[in-house]
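Data first, discussion second: the structure below is written as structure tokens.
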Amino acid sequence: MLQALDFEINSYLEGHASVSVTFAGDEVHVVIHSTARPAHNGRTIYPANLWMAWRRRFTSLHIAQWHPEYMTTNLTVRDGARWSVQYQMDDVWHTRRGVTRLPHNWLAFLRWLDVIAPIFFIGEVDDLTLGYRQGFHVEKMHITRPNRSIVLTRDLPSGEHTSFLTVRHPAVLDLLDDVSFTAADAKCMTPGVLAKTKPGYFLTVTMHHQEPLAIQGLQGIASLPGNWDDFLDDLQDLLASENDFSLFTDRPDSIVGRA
């Protein structure tokens, strides 16, 4: 079983990050340093029993099958990432490293490490809810990355709540990856009171390892981040059979297109 792990990456464009994981008795010690995510820097101690499953998943990554080195043949590359992974198994230390080139399952390794060291996937959207309200009629579209799902719901004037469509599809990940949304976008929006007499939109976005950002009282596409018209076009293609969903059809000032 994994006894310790040290990871380091240096990129001309993205800066430096390092993670050290050690297991000591009933504790897991994690030390993080990241120039991109300084809020997570420092040492954290976790109860070991809560992380046993995570620790065991290391073997499924098959890092022992990685080449000792992944080096580019282009000596002029200046912005490629330099990385190293050192890990201890059965009291023996092993090293894998590279410049620019990466193992085939690199993303799976980063997502495994990210569970305990949240310094990767900056700006990634994990969860999104976009709603449309007119009077007591409310429609919501909820998209989640972990489940790769889209759920459409309606709240009717009668008080009835219905979940009438659930889609699970790999394309959901592509949809979320295409979304551009940051705290800066939220500050640029002008939320208002969501009046019952006119249509309005509300939006909640949860970025990776961050608190949800919620905006209410939006009036149309001009209030949403810049590439959301393309995002909704792609979403409508994925949900082509749901043409009666008001988020796509009853939008007077146009999530369908800019006025």
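The values are calculated or read from the model by the stated rules, or taken from the named source; none is laboratory data. If you're wondering where the values come from, they're calculated on a predicted model, not measured in any experiment. Glycine also receives a Cβ, built like all others from the backbone with ideal geometry; neighbour counts cover every protein chain displayed.
Would you call A81 modelled with pLDDT under 95, surrounded by fewer than 10 Cβ atoms within 10 Å (Cβ to Cβ) and small (G, A, S)? Spelling it out, it is not the case that A81 is modelled with pLDDT under 95, surrounded by fewer than 10 Cβ atoms within 10 Å (Cβ to Cβ) and small (G, A, S).
Taking the listed residues P38, P103, the one that is surrounded by 11 or more Cβ atoms within 10 Å (Cβ to Cβ), under 22 Å from the mean Cα position of the chain (by Cα) and at pLDDT below 90 is P38, with no other qualifying.
Among the residues of the range 121-150, those that are surrounded by fewer than 16 Cβ atoms within 10 Å (Cβ to Cβ) and in a strand (DSSP E or B) comprise H137, S149. Would a scan of the range 34-42 turn up a residue that is of a type outside the set (K, R) and touching a helix residue (DSSP H, G or I) at 6+ places or on another chain (Cβ under 9 Å)? Yes. Residue under question is W83, and the condition is that it be assigned to a helix (DSSP H, G or I) and touching a residue at least 40 places away in the same chain (Cβ under 8 Å); does it hold? For W83, the condition - assigned to a helix (DSSP H, G or I) and touching a residue at least 40 places away in the same chain (Cβ under 8 Å) - is not met.
Among residues of the range 3-32 that are more than 23 Å from M52 (Cα to Cα), those with a beta-carbon under 6 Å from a residue that is surrounded by fewer than 13 Cβ atoms within 10 Å (Cβ to Cβ) and among the acidic types (D, E) at least six positions away or on a different chain give the pairs Y12/D79; L13/D79. Here the strands (runs of 3 or more DSSP E) wholly within the range 16-78 that include at least 2 residues being touching a strand residue (DSSP E or B) at 6+ places or on another chain (Cβ under 6 Å) and more than 29 Å from T100 (Cα to Cα) are 27-34, 42-47.
Take H94 and tell me if it is out of contact with any Cys (no Cβ under 7 Å at 6 or more places or on another chain) and modelled with pLDDT of 95 or more. Judged against the criteria, H94 is a match.
Among residues belonging to the range 106-120 that are in a loop (DSSP other than H, G, I, E, B) and touching a strand residue (DSSP E or B) at 6+ places or on another chain (Cβ under 7 Å), point out the one that is surrounded by the fewest Cβ atoms within 10 Å (Cβ to Cβ). Ranking the qualifying residues of the range 106-120, first place goes to I116.
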